[in-house]
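Taking it in order: structure first as structure tokens, then the write-up.
The values are calculated or read from the model by the stated rules, or taken from the named source; none is laboratory data. Keep in mind the model is a prediction, meaning the values are calculated, not measured. Glycine also receives a Cβ, built like all others from the backbone with ideal geometry; neighbour counts cover every protein chain displayed. The protein model used for the area step is the full one, side chains on, heavy atoms only, and it has no ligands, DNA or RNA in it. Shrake-Rupley method; radii C 1.70, N 1.55, O 1.52, S 1.80 Å.
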Amino acid sequence: MLQGFGSRTVIAIGLVVIAAIAVFLLEWNLQAAIIALVGGVAAALTATGTGDQPIETPRPVEVAAPAPVPNLQEVIEAIVGPVLIVSEGRVAHANTAALGLLGKHIVGEDVRIAIRHPGAAERLASPIAGMPQGPTNLVGLGALDQHWEMHVSSTASGQRVVHLIDRTGNHAAERMRVDFVANASHELRTPLASILGYIETLGDDKAGEDAQVRGRFLKIMFDEARRMQRLVEDLISLSRIEAEKYRLPDRAVDLSELVGEVRSELLDAQNVRSNDIVTDLDLGVPTVAGDRAQLSQVLHNLIGNAMKYGRVGTPVTVKLWRDRVGMVRISVADEGEGIAPEHIPRLTERFYRVDPGRSRAAGGTGLGLAIVKHIVERHRGRFDVASTVGKGTTVTLMLPPHDKATPPLSSRAISPDNVIKR
Ligand code: ADP
């Protein structure tokens, strides 16, 4: 019956019962004994405060087994990038990345020989107390164009920890950004300088009053202004395409229809070469998952190049078909001067031109193929240039068909473009 009580409570109740019997035996009256008994039990229960809770026997404390301490080699292997521990000027430990960069023989070597770089030698020669703060930049370690950031810190026992962080990618991106701004400014400055020069000349009474001279100058100024306009439009296009590069286009685009549309736009523009465009379209190819406006821009740029760099009077052939692996292919071929093989890998660089004079004279901005490359990448497609000097050039795009590159059917069902035309 007393099972639910703690042992101290049981003892207290026992003592109170004994006291009550003593009160009764010593001839105090029965009422006093009952009052003493009830009050005593209540007091005992209140005093212990654990009257209805058993006292728990304390359990032995479980001590977790200590985690194994990794050794120094394991620690430095876990760090990304080359790490060396230098003790008294010699390499005491090196991780695999450091051995890969500096050679397998470096452990035990003087650190200034192990990292053969004057910047590193100078930094590591300074005493620990006066060691400069912050990283040291090392260029050309490993490969000529490699950029490293060397961080050196010291341990309490006087060893040095050398950590190399590869910054080659950051430098390449920074270089590209600087080059791009410089090139874009240069491209804009040339026509602007020309326009300002002609304005000044026209301000001169003699030249300005001659209607023929004025007309000629105005025509040049108009052409230069148009050139600046095209350049600004291409720059805006590039930045828009880059901003959207991770958004997969998902509309079904019928390329045969789009080729027809681009062709009639070029015919309307009355370019001398518009009539040379020949099409060879397989109308059975499936639609591609695309951004219609961007794919139209790709066709304009490729057909535009074929017209600019192909020989007048020769065909510019646009072909559309589906290849054996199911990709939709579209090619634009011209019969022109062609492109020497060494230029081909660089054609998609911004402002890269094989013949800058010819490109500018034809109204080129040097950004057309860079735009094509970015758009094709956004469409998860591929792009190939094949050219034979003296014969001509064929540019081929490979794009995945709509059914292979689109989101689930539910979201396609609401798209008005979701009709595969055959
Ligand atoms: P551009 O505005 O100068 O035409 P692109 O980026 O479109 O710029 O092309 C880059 C360069 O590639 C051109 O300047 C030209 O030298 C070369 N190129 C492009 N397409 C052709 C082609 N079909 N035939 C010969 N050269 C071409």
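Could you tell me whether segment 153-253 comes out rounded, prolate or oblate from its Cα gyration tensor? Rule is a ≥ b ≥ c as square roots of the eigenvalues, rounded for a/c under 1.5, then prolate if a/b exceeds b/c, otherwise oblate.
Details: a/c = 7.98, a/b = 2.13, b/c = 3.75.
Oblate shape, in that a/c is at least 1.5 and b/c is the bigger or equal ratio.
Do any of Lys308/Lys373; Lys319/Lys391; Lys245/Lys319; Lys319/Lys373; Lys219/Lys308 go past 25 Å between their Cα atoms, and which? All intermediate terms of the calculation are to be shown ahead of the outcome.
Numbers: Lys308/Lys373 19 Å; Lys319/Lys391 18 Å; Lys245/Lys319 27 Å; Lys319/Lys373 19 Å; Lys219/Lys308 21 Å.
Going by Cα-Cα distance, Lys245/Lys319 fall outside the 25 Å limit.
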Among 62-69, 358-365, 198-205, 315-322, the order from most to least packed when residues are scored by Cβ within 10 Å on average
315-322, 358-365, 198-205, 62-69
Kirkwood Rh and Cα Rg combined as Rg/Rh, segment 251-421
0.98
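Just subtract the alpha-carbon distance of Asn275 and Arg177 from 0.36 nm times their residue separation and send over the number in nm, one decimal.
Details: separation 98, 0.36 × 98 = 35.28 nm, distance 3.99 nm.
Contour length minus the Cα-Cα distance gives 31.3 nm.
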Under a point spin-label approximation (7 Å from Cα along Cα-to-Cβ), what is the Glu209-Val139 distance to one decimal in nm?
5.9
In order over segment 172-189: 3J(HN,Hα) from phi, Karplus 6.51/-1.76/1.60, θ = phi - 60°, whole Hz, x for each Gly or Pro, gives 5, 5, 5, 4, 4, 5, 5, 4, 4, 4, 5, 5, 4, 5, 5, 4, 7, 5
A student applying the Cα gyration tensor rule (rounded when a/c is under 1.5; otherwise prolate if a/b is larger than b/c, oblate if not) would label segment 286-382 prolate
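Just to verify a number: FRET efficiency for Tyr246 and Leu283, C-beta to C-beta distance, R0 = 35 Å, to 0.05? Each step should come with its number before you reach the end.
Working: r = 33 Å, r/R0 = 0.93.
Rounded to the nearest 0.05, the efficiency is 0.60.
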10 Å beta-carbon shell around Arg167, net charge (K/R +1, D/E -1):
-3
Heavy atoms of the protein only, probe of 1.4 Å, neighbouring chains included. What is the accessible area of Lys308 in Å², nearest 10?
60
Order of 284-295, 338-349 by packing, highest average Cβ count within 10 Å first?
284-295, 338-349
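Report, as a whole number in µm² per second, the diffusion coefficient that Stokes-Einstein gives for segment 177-320 at 25 °C and 0.890 mPa s using the Kirkwood radius over alpha carbon pairs. Before the final figure, lay out the partial values.
Details: Rh = 18.5 Å.
The diffusion coefficient I find is 133 µm²/s.
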Not counting ligands, DNA or RNA, and with a 1.4 Å probe, what is His300's accessible surface area in Å² rounded to the nearest 10?
60
Förster radius 56 Å - calculated FRET efficiency between Ile79 and Lys391 (Cβ-Cβ, nearest 0.05)
0.55
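Fully extended, how many nm does the chain gain between Ile113 and Ile128 (0.36 nm per residue separation, minus their Cα-Cα distance)?
Numbers: separation 15, 0.36 × 15 = 5.40 nm, distance 1.88 nm.
Length difference between fully extended and current span is 3.5 nm.
To the nearest 0.05, how large is the calculated FRET efficiency for Val232 and Ser154 if R₀ is 56 Å and r is the Cβ-Cβ distance?
Details: r = 54 Å, r/R0 = 0.97.
Efficiency for this residue pair is about 0.55.
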Accessible area of Val181 in the full protein assembly, 1.4 Å probe (Å², nearest 10)
80
List the extent of the Cα atoms of segment 72-166 along each of their three principal axes, largest first, rounded to whole Å.
34, 28, 21
Inter-site label distance for Glu377 and Arg216 at 7 Å from Cα along Cβ, in nm:
4.6
Kirkwood hydrodynamic radius of segment 244-344, from inverse mean 1/r over distinct Cα pairs, in Å:
14.6
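How long are the semi-axes of the equivalent ellipsoid of segment 337-402, taking √(5λ) for every eigenvalue λ of the Cα gyration tensor, in whole Å from largest down?
Values: eigenvalues 99, 46, 18 Å².
Whole-Å semi-axes of the equivalent ellipsoid: 22, 15, 9.
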Given Cβ charges of +1 for Lys and Arg and -1 for Asp and Glu, the option among Val213, Ala182, Ser194 whose Cα lies farthest towards the positive end of the dipole of segment 170-243 is Ala182
Added length on full extension, which subtracts the Cα-Cα distance from 0.36 nm per residue, Lys104 to Ala361:
86.9 nm
